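A.B. asks: Just dropping this structure here.
The values are calculated or read from the model by the stated rules, or taken from the named source; none is laboratory data. Note that this is a predicted model, so its numbers are computed, not measured. Here the Cβ positions follow ideal geometry from the backbone for every residue, glycine too, while neighbour counts run over all protein chains shown.
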Amino acid sequence: MADLLSGIEELFELSIDAYNAALFVLMSGLPIIDEVSRFIKKTLKAKDRNEAAKISLDRGDPDVLIVLKTAGKVQHEIHRLQGLLRFNPNKNGVYIARCQPDYFILPALAEHFTLRFGETSWAIIDEKRDLCLCRAKGGEALLVPYKENFELTQIEKNNDSWESLWQLYHRTINNEGRKNPRLQRQFMPERYRKYLPEMEK
């Protein structure tokens, strides 16, 4: 694993796309360590950045293909959660969101929500892994075990006033004439729906 991590570090200088792909594969937690190791070795053999880009995007190579497909799935879930997380404030003014992502993506959400919330304290709880990505006012985003954070375990799971606001927003922008529950379920899997107060359960 140490060789794998040092190889990923070397990729950063040669190809940022290959670096991101390898990092996303590690976040997936899928058992494709051999494929990502070969992907890294092949890319590092490149003479320059152009050749590295060609190697790392060659979907004809089975190792590259599996790495790019897996990285794409992880990146898609990161993008989804950046738009789908619903934050509710607790009594201490910490904005808290809950989720159960398929992949270990909390670290990838840190920069986005730090910029989005500015100086406001926030936390994202991964209920599947019992982890919490949290940031106190003016501090760094930290990944901590959820059960050890007493303040967050004491919050109410539902905040009626905030849920009502989300439901009002959804009713206001919703076009009843274009309602298509089947298509909605296709684009919004059940694992996300239960955390969205505006969605019909």
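A.B. asks: Of these, Tyr103, Tyr169, Tyr146, which one is at pLDDT below 90, crowded, with 17+ Cβ neighbours inside 10 Å and hydroxyl-bearing (Ser, Thr, Tyr)?
C.D. replies: Details: Tyr103 fails: at pLDDT below 90; Tyr169 fails: crowded, with 17+ Cβ neighbours inside 10 Å.
The unique qualifying residue is Tyr146.
A.B. asks: State yes or no: is Ile66 of a type in the set (Val, Ile, Thr), within 20 Å of Leu23 (Cβ to Cβ) and under 20 Å from the mean Cα position of the chain (by Cα)?
C.D. replies: yes
A.B. asks: Looking only at region 33-49, decide whether some residue is touching a residue at least 60 places away in the same chain (Cβ under 8 Å), within 17 Å of Phe104 (Cβ to Cβ) and surrounded by fewer than 18 Cβ atoms within 10 Å (Cβ to Cβ). So that I can check it myself, show each step before the final result.
C.D. replies: Residues of region 33-49 touching a residue at least 60 places away in the same chain (Cβ under 8 Å): none.
No, every residue in region 33-49 fails to be touching a residue at least 60 places away in the same chain (Cβ under 8 Å), within 17 Å of Phe104 (Cβ to Cβ) and surrounded by fewer than 18 Cβ atoms within 10 Å (Cβ to Cβ).
A.B. asks: Filter region 13-29 down to the residues that are surrounded by fewer than 16 Cβ atoms within 10 Å (Cβ to Cβ) and not in a helix (DSSP H, G or I) and list them by number.
C.D. replies: Listed by number, the list holds a single entry, Gly29.
A.B. asks: Also, I was wondering about something else. Is one or more of the residues making up region 41-62 out of contact with any Ser or Thr (no Cβ under 6 Å at 6 or more places or on another chain), part of a helix (DSSP H, G or I), modelled with pLDDT of 90 or more and within 30 Å of Arg129 (Cα to Cα)?
C.D. replies: No.
A.B. asks: State all residues of region 110-143 that are in a loop (DSSP other than H, G, I, E, B), under 19 Å from Gly83 (Cα atoms) and over 15 Å from the mean Cα position of the chain (by Cα); if no residue qualifies, say none.
C.D. replies: The answer is Gly118, Thr120, Ser121.
A.B. asks: Here's a follow-up. Out of the residues in region 180-201 meeting the condition of being loosely packed, with under 10 Cβ neighbours inside 10 Å and at pLDDT 70 or above, tell me which one is nearest to Lys128 (Cα to Cα).
C.D. replies: Here the answer is Glu190.
A.B. asks: Which residue, of Gly93, Gly83, is over 9 Å from the mean Cα position of the chain (by Cα) and not in a loop (DSSP other than H, G, I, E, B)?
C.D. replies: Gly83
A.B. asks: Looking only at region 73-83, decide whether some residue is farther than 21 Å from Leu30 by Cα, modelled with pLDDT under 90, surrounded by fewer than 16 Cβ atoms within 10 Å (Cβ to Cβ) and not aromatic (Phe, Trp, Tyr).
C.D. replies: yes
A.B. asks: What number of residues within region 172-201 satisfy the criterion of being among the polar types (S, T, N, Q) and farther than 20 Å from Asp102 by Cα?
C.D. replies: First pass over region 172-201, keeping only residues among the polar types (S, T, N, Q): 172, 174-175, 180, 184, 186.
Narrowing further to those that are farther than 20 Å from Asp102 by Cα: 172, 174-175, 180.
Number of matching residues: 4.
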